[in-house]
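S.K.: Take a look at the following structure, please.
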Amino acid sequence: MGEGLDAADAEVLDATGCVVMPGFIDTHRHTWQTPFRGICADWTLGDYFRGMRLSISPNCEPDDIYAGNYVGALEALDAGVTTIVDFSHCNNSPEHADAALAGLGDAGIRAVFAYGYFAAPVTEPAFEGHADRLADARRLREGPLSGDGGLVTMGVALTELGLIPFEQTVAEVGSAREMGVPIVMHTGCVWGSSVTEGIPELDHHGLLGPDQVHVHCNRLDERDLGRLSENHCKVSTSPETELQMGMGHPVIGRAMALGMRPSLSCDIASSNSGDLFSQMRIGLQFERCMRNDAANARNAMPEALEPTVREALGPGFFAVHRKGDAHAVK
């Protein structure tokens, strides 16, 4: 995209009166859940964990995962989302992981396939233990995802901190860094629980870093959010899910105040739409409301709206555009 391009054999489209933008990056999408659209519309986070993660996920077959990823990736492309971080945490067997990867590949989308280590409570486990899951991720890294230049590249999705012994979390982070792939994780989104906490512990052990995308972060205090900023971690926010499921206020403004550039995600395809414009609208209006509160507290109306729509679309607000390296998570 640019002026004076040498592309004589390209198809020419008349874009008069249109807005031309790069494709969007969704930095956190559970694509496998696409066939279950709408089931979570009235679910709390607890309902979701019990219903989707502990009940539906264990009963999904590899063909179900393929269908979810294939259709979900096509939906993303249709909505102008050309790159996704596929937080794939229904890898109940090597066949499930292969099917998820095949769905993305057949759809033709750019994706970071973030291999999820979460162990769903299946009746007959395909993996004997935690180490076997790490080994299966390594199988993909050494096989179909050995390169970093294809449409689909490798990543790792951590099991939520607090659900497994901390030494296993250390092993999961270590496996990702051994493979040289990015890490995505749910962080600070469960109130009244130690699950998804642990930022001080990760920091103490030197496990935070710029290769990580921390999703949600609503419950983090300023010190923990500051730890993410100091270690150059990335933050992804899912306004629709966070506001619905009681996770708290999206950290858009708080992250920006620390010099971070929060990115957007559609999160659970089992409830939310697959287009980032919906997340932009919700996130933009939420952040405006937060900033307008200061005027309202003075019994006044705001004189101007911030952020603007242009900021929501451009580099000054959410970092959702693909720039240069299509696999970079910004």
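S.K.: Roughly how far apart, in whole Å, are the Cα centres of the stretch 149-177 and the stretch 34-83?
M.R.: Their Cα centres are 21 Å away from one another.
S.K.: How much length, in nm to one decimal, is gained on full extension between Cys289 and Asn231, taken as 0.36 nm per residue of separation minus their Cα-Cα distance? Write out the running numbers ahead of the final one.
M.R.: Working: separation 58, 0.36 × 58 = 20.88 nm, distance 2.94 nm.
Additional length available on full extension: 17.9 nm.
S.K.: Now for a separate question. Taking the convex hull of the Cα atoms, report for the stretch 203-242 its projected area averaged over all directions, in nm². Don't skip to the answer; put the middle values down first.
M.R.: Working: hull surface 11.4 nm².
Result: 2.9 nm².
S.K.: What are the ³J(HN,Hα) couplings of the stretch 125-139, residue after residue, when phi is run through the Karplus curve with 6.51, -1.76, 1.60 and θ = phi - 60°? Round to Hz, x for glycine and proline.
M.R.: Coupling constants for the stretch 125-139: x, 7, 10, 6, x, 4, 4, 5, 5, 4, 5, 5, 4, 5, 4 Hz.
S.K.: A follow-up question, please. Within the stretch 73-102, list the residues whose amide N lies under 17 Å from a label point set 7 Å along Cα→Cβ of Ser273.
M.R.: 73-82
S.K.: Once neighbouring chains are kept in place and the probe is 1.4 Å, which whole percent of the accessible area of the stretch 2-115 is contributed by carbon and sulfur?
M.R.: Details: 2770 of 5170 Å².
It is 54 percent, rounded to a whole number.
S.K.: Once you put a point 7 Å from the Cα of His204 and another 7 Å from the Cα of Glu167, both along the Cβ direction, what distance in nm separates them?
M.R.: 1.7 nm
S.K.: Under 5 Å between amide hydrogens, which residues at least 5 positions from Thr159 or on another chain qualify, with H placed 1.01 Å from N in the peptide plane?
M.R.: Tyr117, Phe118
S.K.: Is the shape of the stretch 1-114 rounded, prolate or oblate, going by the alpha carbon gyration tensor and its root eigenvalues a ≥ b ≥ c, with a/c under 1.5 for rounded and a/b larger than b/c for prolate? Display every interim value, and only then the final one.
M.R.: On the way: a/c = 3.21, a/b = 2.04, b/c = 1.58.
Prolate shape, in that a/c is at least 1.5 and a/b is the bigger ratio.
S.K.: Mean residue ellipticity at 222 nm from the helices of the chain, using -39,500 (n - 2.57) per DSSP H segment of n ≥ 4 over the full residue count, to the nearest 500 deg cm²/dmol? List each step's numbers first, then the result.
M.R.: Values: 11 runs with 116 residues, N = 330.
Calculated at 222 nm, the ellipticity per residue is -10500 deg cm²/dmol.
S.K.: What percent of all Cα-Cα pairs in the stretch 91-163 falls into each 10 Å bin, going from 0 up to the bin containing the maximum distance?
M.R.: 19, 53, 25, 4
S.K.: Compute the relative contact order of the chain as a whole-number percentage, counting only Cα pairs closer than 8 Å that sit 6 or more residues apart in sequence. Numbers along the way, then the final one.
M.R.: Values: 582 pairs, mean separation 64.1, N = 330.
Dividing the mean separation by the residue count of the chain yields 19 percent.
S.K.: What is the percent of Cα-Cα separations in the stretch 174-287 that go past 16 Å?
M.R.: Details: 3740 of 6441 pairs.
Considering the stretch 174-287, 58 percent of its Cα-Cα pairs are separated by more than 16 Å.
S.K.: Would you please give the residues with an amide H less than 5 Å from that of Val85, counting only those at least 5 places away or on a separate chain, with H modeled from the backbone geometry?
M.R.: For Val85, the qualifying residues are Asp26, Thr27, His28, Arg29, Val112.
S.K.: Moving on. May I ask for the net charge around Ser273, where only other residues with Cβ less than 9 Å from the Cβ of Ser273 are counted and Lys, Arg are +1 while Asp, Glu are -1? Before the final figure, lay out the partial values.
M.R.: Numbers: positive: Arg37; negative: Glu75, Glu240, Asp275.
It works out to a net charge of -2.
S.K.: Starting at 0 and stepping by 10 Å, how many percent of the alpha carbon pairs of the stretch 224-323 end up in each bin?
M.R.: Spelled out per bin, shortest first, that is 15, 45, 33, 7, 0.
S.K.: Taking θ as phi - 60°, what are the ³J(HN,Hα) couplings along the stretch 80-94 by the Karplus curve (6.51, -1.76, 1.60), each to the nearest whole Hz, with x for Gly and Pro?
M.R.: x, 8, 9, 9, 10, 9, 7, 7, 9, 10, 10, 8, 6, 7, x
S.K.: Sticking with this structure for a sec: Shape call for the chain from the C-alpha gyration tensor, a ≥ b ≥ c root eigenvalues: rounded (a/c under 1.5), prolate (a/b greater than b/c) or oblate? Walk me through the intermediate numbers first.
M.R.: Working: a/c = 1.56, a/b = 1.15, b/c = 1.36.
The shape class here is oblate.
S.K.: Just for the chain, what percent of DSSP beta bridges are antiparallel, to the closest 5?
M.R.: Values: 1 of 31 bridges.
Bridges in the chain are about 5 percent antiparallel.
S.K.: Hey, any idea what % of the stretch 182-319's accessible area is carbon plus sulfur with a 1.4 Å probe? Please list the in-between numbers first.
M.R.: Numbers: 3190 of 5830 Å².
Here carbon and sulfur together make up 55 percent of the probe-accessible area.
S.K.: So what J values fall out for the stretch 11-23 if you push phi through Karplus, 6.51 cos²θ - 1.76 cosθ + 1.60 with θ = phi - 60°, rounded to Hz, Gly and Pro as x?
M.R.: Once rounded to whole Hz, the list reads 6, 9, 10, 7, 9, 4, x, 9, 9, 9, 9, x, x.
S.K.: What distance in nm lies between label points placed 7 Å from Cα along the C-beta direction at Asp6 and Leu54?
M.R.: That separation, rounded to one decimal, is 6.2 nm.
S.K.: Using modelled backbone amide H atoms (1.01 Å from N, in-plane), which distant-in-sequence or interchain residues come within less than 5 Å of Gln212's amide H?
M.R.: Ile183, Lys234
S.K.: For the stretch 41-196, what does the accessible surface come to per residue with a 1.4 Å probe? Please give it in Å². Don't skip to the answer; put the middle values down first.
M.R.: Details: 6140 Å² over 156 residues.
Computed with neighbouring chains in place, this is 39 Å² per residue.
S.K.: Can you tell me the relative contact order of the stretch 82-226? Whole percent, Cα pairs under 8 Å, sequence separation 6 or more. Numbers along the way, then the final one.
M.R.: Details: 212 pairs, mean separation 29.7, N = 145.
Across the stretch 82-226, relative contact order equals 20 percent.
The values are calculated or read from the model by the stated rules, or taken from the named source; none is laboratory data. As the structure is a computational prediction, the values presented were derived from the model and not from experiment. Positions of Cβ are backbone-derived with ideal geometry, glycine not excepted, and every protein chain shown enters the neighbour counts. Side chains are part of the model used for accessible areas, which takes the heavy atoms of the whole protein and leaves out ligands, DNA and RNA. Shrake-Rupley method; radii C 1.70, N 1.55, O 1.52, S 1.80 Å.
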